[in-house]
Amino acid sequence: MTTRVEHFTLDGVGPHERERRFEEFVSATHGETRVRLSPDRPAEAFRASVRRVHVDDLALVDTRCDPCTGVRGRDLIQGGDVDHVIVVLTRAGRETVAQDGDIRELGRGAGAVWDSATPTRFQVVEPLVKHSLVIPRGALREVGGPRGPVRGVLDRADPATRLLADYLEALARTAPQLPPAAAASARDAALRLVCAVLDPERGRPGQAAAVPAPPPLRRAAVVRWIDRNLTRPDLTPAVVARAHALSVRTLHRLFEESGESVAGIIKARRLARARAELTTGQEPVSVIATRWGFADPSHFTRAFGAVYGTTPTLYRADTRDPSVVTERPGPGTQRQAAPRDGGEDRGT
């Protein structure tokens, strides 16, 4: 479990390059997006900076920018991005965000959640400062999060939303100094807080929609049993059903209510365990894959890439060397990674 920090800035970028470079920043941190600067301001006056803190597969993105617009259409969504859920918390300024005709205005203190698999438009109306937590869909599934599209405004008066906002600010400051075990715990805590905020059973208006209700106790017991038996080579829905004195059909119905499948849960949890071992263990990738039920290395590579957006080998190389920056820097871009002693690089 590793952390690293990247910085993006338009300092030193010429006016004719600013729109293109900011589009690259937004696409690198939030998914492929077309960006246009405000026609009411000269390009040389446009200012923007982005700080991204990686906590394993999560990313905390601090964005500051002047008025502009952005569109993420279906053509860009189909380009192969990893599916993400993005929680946005506005610290200053104002922007509007539209998904599937649902238009929301976010001012100081407001929060929202949106889905990278849904076409999105945004317009920054006033100079903006915001925090975004970018979460791969597979990571949310590890803690029983939603499978379908998720979007909506978060209730700023709700204690859980305020707790999440405070926690993410603290995590952005301290993540680069966390040892691996603490980083792993911090990541899991962020995921569970997000699930708590998105839970519609809390009965408060104005929260995100399309989130499944908490699983019943019986389903939770089945999932715990699966977690304890993930290394069994014969772990199939039939085996799970027999262990709980259920028919296979009844077992499937138990999980259908949450939009999940037994096989999908087994696969997601095995991938999560394999991912953890890639960062902490020394064994070959093929050995780790076999331990977690992937007898065919190519099948493991495809499944891993579909969830985490990279290959097991590249993931291991990246997490073993926190100084690696995956995107290629361009003119005027400063990207620093957290040094190996855990402190944040101050740059030049």
Checked Val287, Val239 against criteria (at pLDDT 85 or above and more than 25 Å from Ala184 (Cα to Cα)); the one match is Val239
Picking from Arg41, Arg36, Arg47, Arg74, the residue that is of a type in the set (Lys, Arg) and over 19 Å from Arg94 (Cβ atoms) would be Arg74
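Considering only the stretch 214-301, give the helices (runs of 4 or more DSSP H) lying wholly within it that have at least 3 residues that are open to solvent by 70 Å² or more (accessible area, probe 1.4 Å) and either closer than 30 Å to Thr3 by Cβ or free of Cβ contacts under 8 Å to residues at least 40 places away in the same chain (or both).
Numbers: elements: 217-228, 237-243, 248-256, 262-280, 285-291.
Ranges flagged: 217-228, 248-256, 262-280.
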- Task: Please work out if Val82 is farther than 17 Å from Pro127 by Cβ and at pLDDT below 90.
- Result: yes
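Here are some residues: Arg104, Arg108, Arg64, Arg36. Which one is among the basic types (Lys, Arg) and part of a loop (DSSP other than H, G, I, E, B)?
On the way: Arg104 fails: part of a loop (DSSP other than H, G, I, E, B); Arg64 fails: part of a loop (DSSP other than H, G, I, E, B); Arg36 fails: part of a loop (DSSP other than H, G, I, E, B).
Arg108 is the lone residue from the list that is among the basic types (Lys, Arg) and part of a loop (DSSP other than H, G, I, E, B).
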Across the stretch 24-58, the tally of residues that are open to solvent by 40 Å² or more (accessible area, probe 1.4 Å) and closer than 23 Å to Val113 by Cβ stands at 3
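Here's the yes/no breakdown for (1) in a loop (DSSP other than H, G, I, E, B); (2) at pLDDT 85 or above; (3) among the polar types (S, T, N, Q):
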residue	(1), (2), (3)
Gly152	no, no, no
Leu163	no, yes, no
Glu169	no, yes, no
Ala175	no, yes, no
Ala184	no, no, no
Ala190	no, yes, no
Arg204	yes, no, no
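The values are calculated or read from the model by the stated rules, or taken from the named source; none is laboratory data. These numbers were taken from a predicted model, which means no experiment stands behind them. Glycine also receives a Cβ, built like all others from the backbone with ideal geometry; neighbour counts cover every protein chain displayed. Side chains included, ligands, DNA and RNA excluded: accessible areas come from the protein's heavy atoms. Shrake-Rupley method; radii C 1.70, N 1.55, O 1.52, S 1.80 Å.
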